[in-house]
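Working notes for the structure below.
The values are calculated or read from the model by the stated rules, or taken from the named source; none is laboratory data. Since this is a predicted model, take the numbers as computed values, not measurements. Because the Cβ atoms are built from the backbone with ideal geometry, glycine has one as well, and the counts that use them run over all protein chains shown.
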Amino acid sequence: MNSPDLSVIIPTCDRKDMLRKAILALYNQEAPPEHFEIVVIDDGKVKDAHEVIQAIQKEKGVRNLSCYPGRTMGPAAARNDGVRHASGKIILFIGDDILAHSRLLSEHMNAHRERDIPNLAVLGPAYWPPGDQRSRFLAFLMAGDQFGYSFIQDPSNVPYNFFYTSNISIHRDFMLENGGFDEDFPTPAWEDIELGYRLKQKGLEFIYRENAVAYHHHKTDLAAFCKRRYMIGVTASIFYEKHPEEGEMLMLDRMPARPGWLKKGFYTLLEKSFISLENRKLSGLVPGRIFYPCLRLISNYNYYRGLRESIGPAGKDLE
């Protein structure tokens, strides 16, 4: 088999039902199967992705789908393993909860053919499924706390902090030459942005292709979001220790003073109240002018709480 034009890398962790849907969406593409391969890295404890792969191989009669065991060291290590196993010139990173639009692969391949430079990265949007886009909470996440595509001012020159591995392609050799993902990041937070930062220093040209659409099928709620924002703050401390010059991007210049017990009590009550409203599907009763600012307060509180608790000696000057 000749080397494909593009390799799709999918790290997965104990989500075999969603993984199956993600892979099947890739076999509903305009791009012919001989032009791409799919490389799955099974980073879960159960190690059941191999069963999914075997079933699809038999069902579809395909030879461009493979699965390798991960090292259970997190998404950064899993993606690095995927790149090493891949044989395509171009690497496309997606998640095991990403369902590709039928033009996703062709849009990425066409973008690379048009520019044809070895230091190009192409970002495509990862939207919530159409049925979920009516949720005000998910709209809040799309507006910047998880994805912020609307903030991209120049699609031909995208800032490094949009290096989202939910839907991004890059030349394999350029990645390998510059070290790949930093495996010091143990969770899915900042490891992709950190790579984008380093690659920008090495001359990365980063563009946004709005028609390279994928859909993010990830069930979440406000309680899970609060936990994730806390962990993003924790992981931001790793980024800061490696790149203290990027403190402004991490919003360290806006970090509020350490809250006293009264403020902590206020934020805790606010968070619990809004989680209760969301769980009871009553948050729609809260006017938008109150709903969104309150979510912003809850989001920032959890982020800075995680950051402050983990930043260690590197952040003493910030106290």
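Within region 126-148, does at least one residue satisfy the condition of being under 23 Å from residue 88 (Cβ atoms), modelled with pLDDT under 95 and either outside any helix (DSSP H, G or I) or assigned by TED's automatic domain parsing to the domain that holds residue 236 (or both)?
There is at least one residue in region 126-148 that is under 23 Å from residue 88 (Cβ atoms), modelled with pLDDT under 95 and either outside any helix (DSSP H, G or I) or assigned by TED's automatic domain parsing to the domain that holds residue 236 (or both).
Counting only residues that are touching a Ser or Thr at 6+ places or on another chain (Cβ under 8 Å) and of a type outside the set (Asp, Glu), which one in region 145-182 is nearest to residue 202 (Cα to Cα)?
Among those that are touching a Ser or Thr at 6+ places or on another chain (Cβ under 8 Å) and of a type outside the set (Asp, Glu), it is 172.
Among the numbered criteria (1) assigned to a helix (DSSP H, G or I); (2) modelled with pLDDT under 95, which single criterion is violated by residue 113?
Answer for residue 113: the failing condition is (2).
Can you pull out the residues in region 169-219 that are polar (S, T, N, Q), touching a residue at least 12 places away in the same chain (Cβ under 8 Å) and either out of contact with any helix residue (DSSP H, G or I) (no Cβ under 8 Å at 6 or more places or on another chain) or buried (at least 22 other Cβ atoms within 10 Å of the Cβ) (or both)? Before the answer, list the steps.
Going through region 169-219, the residues polar (S, T, N, Q) turn out to be 169, 178, 187, 201, 211.
Now drop any that are not touching a residue at least 12 places away in the same chain (Cβ under 8 Å), which leaves 169, 178, 187, 211.
Residue satisfying the conditions is 169 alone.
Which residues, taken from region 54-90, are outside any loop (DSSP other than H, G, I, E, B), over 20 Å from residue 21 (Cα atoms) and among the β-branched types (Val, Ile, Thr)?
Listed by number, the residues that qualify are 83, 90.
Yes or no, residue by residue, for (1) closer than 22 Å to residue 229 by Cβ; (2) free of Cβ contacts under 8 Å to residues at least 60 places away in the same chain; (3) among the basic types (Lys, Arg):
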residue	(1), (2), (3)
89	no, no, yes
107	no, no, no
124	no, no, no
127	yes, no, no
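If you check 152, 168, which single one turns out to be in contact with a Gly (Cβ under 9 Å, 6 or more places away or on another chain), at pLDDT 90 or above and of a type in the set (A, V, I, L, M, F, W, C)?
168
Condition check ((1) part of a helix (DSSP H, G or I); (2) surrounded by fewer than 18 Cβ atoms within 10 Å (Cβ to Cβ)) across all residues:
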residue	(1), (2)
249	no, yes
273	yes, yes
289	yes, yes
295	yes, no
304	yes, no
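In region 188-234, which residues are more than 30 Å from residue 283 (Cα to Cα), hydroxyl-bearing (Ser, Thr, Tyr) and either in the same structural domain as residue 247 (by TED's automatic domain parsing) or in contact with a Pro (Cβ under 9 Å, 6 or more places away or on another chain) (or both)?
Within region 188-234, just 208 meets the criteria.
From the list 51, 107, which residue is surrounded by fewer than 17 Cβ atoms within 10 Å (Cβ to Cβ), of a type in the set (Asp, Glu) and out of contact with any strand residue (DSSP E or B) (no Cβ under 7 Å at 6 or more places or on another chain)?
From the options 51, 107, the qualifying one is 51.
Kindly indicate whether any position in region 161-168 is in a helix (DSSP H, G or I) and farther than 12 Å from residue 199 by Cα.
Yes, region 161-168 contains a residue that is in a helix (DSSP H, G or I) and farther than 12 Å from residue 199 by Cα.
From the list 251, 231, which one is on the phi > 0 side of the Ramachandran plot and not basic (Lys, Arg)?
Every option except 251 fails the conditions.
Between a residue in region 263-282 that is farther than 19 Å from residue 220 by Cβ and assigned by TED's automatic domain parsing to the domain that holds residue 302 and any residue that is of a type outside the set (Gly, Ala, Ser) and loosely packed, with under 13 Cβ neighbours inside 10 Å, which pairs come within a Cβ distance under 8 Å, given they are 6 or more apart or on different chains?
Correct list of pairs: empty, since none qualify.
For residue 39, work out the one condition from (1) within 18 Å of residue 105 (Cα to Cα); (2) out of contact with any His (no Cβ under 6 Å at 6 or more places or on another chain) it doesn't fulfil.
(2)
Out of the residues in region 228-245 that are of a type in the set (D, E, K, R) and more than 25 Å from residue 93 (Cα to Cα), which is surrounded by the most Cβ atoms within 10 Å (Cβ to Cβ)?
241
Within region 54-80, can you find the residues that are surrounded by fewer than 21 Cβ atoms within 10 Å (Cβ to Cβ) and charged (D, E, K, R)?
58, 59, 60, 63, 71
Working only within region 8-35, note down all residues that are modelled with pLDDT of 95 or more, assigned to a helix (DSSP H, G or I) and touching a Phe, Trp or Tyr at 6+ places or on another chain (Cβ under 9 Å).
25, 26, listed by residue number.
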